[in-house]
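Undergrad: Quick one: the structure is below, questions incoming.
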Amino acid sequence: MPTHVAPPGWPSAVRPPDAPDWERTAVNWLFDISPPEYRGHQTLRRHVVVLARFAVLHVEAQQAACRRGLSQARADLRDVTDLDTVEAAVATWQAEQARLLAVRREVGLVEEALRGRRFVARL
C-alpha cells in the first residue's frame with residue numbers, strides 16, 4: 001500500500017504528492033495564492049510546474065514589498081498619523097512577514113513535488 005508523505009510545512013489545502021487528486025488540489029491552491037489574473041492564462045492552466053514557478057516568484061515579490069514596507073513604515077507614516085497607529089502598522093508588517101515566510105516554504109515544497117521530488121517519512 002503506497003504511503004503519501006507530506007513534509008513539515010506542506011500546505012494543508014494540498015493533498016500529499018501521489019495521493020489521489022493531489023495535483024488538482026495543488027493547482028487550486030496555487031491559483032488561490034496567486035493574483036486572480038493568473039487564472040486567465042492558458043499556459044498557467046495547462047502547465048502546473050509553470051504555474052508553481054509563477055506562484056513562487058509572486059510570493060517572493062510580496063516578501064520584498066513587505067521588507068520595504070517594514071523598513072520605511074516609521075518614516076513614511078510619522079507625519080500622517082499618530083505613533084500608536086505607526087506602531088500598529090509596523091506590527092502588521094511583521095505579522096505579514098511571518099505569514100509570507102510560511103507561504104514561501106509551502107509553495108516551494110509544492111513546486112519541488114510537481115517537479116518530481118518525493119518526500120519520505122522520518123522517525
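Undergrad: Sort the range 63-109 into rounded, prolate or oblate with this rule: let a ≥ b ≥ c be the square roots of the eigenvalues of the Cα gyration tensor; rounded if a/c is under 1.5, and if a/c is not under 1.5, prolate when a/b is larger than b/c, oblate otherwise.
TA: Prolate.
Undergrad: Shifting gears a bit: Could you list the square roots of 5 times each eigenvalue of the Cα gyration tensor of the chain, that is, the equivalent ellipsoid semi-axes, sorted largest first and rounded to whole Å?
TA: 35, 17, 10
Undergrad: Let me ask another. Taking the Cα-to-Cβ direction at Glu37 and at Val5 and moving 7 Å from each Cα, how far apart do the two end points lie in nm?
TA: Taking the two extended label points, one gets 4.0 nm.
Undergrad: Label points 7 Å out from Cα along the Cβ direction at Val50 and Phe119: separation in nm?
TA: 2.7
Undergrad: A further question on this structure: So what's the back-of-envelope 222 nm ellipticity for the chain, counting only DSSP H runs of four-plus at -39500 (n - 2.57) apiece and dividing by all residues, rounded to 500?
TA: Dividing the helical sum by the residues of the chain leaves -22000 deg cm²/dmol.
Undergrad: Do any trypsin sites (Lys or Arg not before Pro) in the range 16-123 lie in a DSSP loop with no more than 14 other beta carbon atoms within 10 Å, and if so, which?
TA: Arg78, Arg115, Arg117, Arg118, Arg122
Undergrad: Around His47, with a cut-off of 15 angstrom between Cβ atoms, what is the net charge of the other residues, counting Lys and Arg +1 and Asp and Glu -1?
TA: With Lys, Arg at +1 and Asp, Glu at -1, the neighbours total +4.
Taken together, the values in this text are just the output of simple stated rules run on the coordinates, not laboratory data. The structure displayed is predicted, hence computed values, not measured ones. Backbone-built Cβ (ideal geometry, glycine too); neighbour counts: all protein chains shown.
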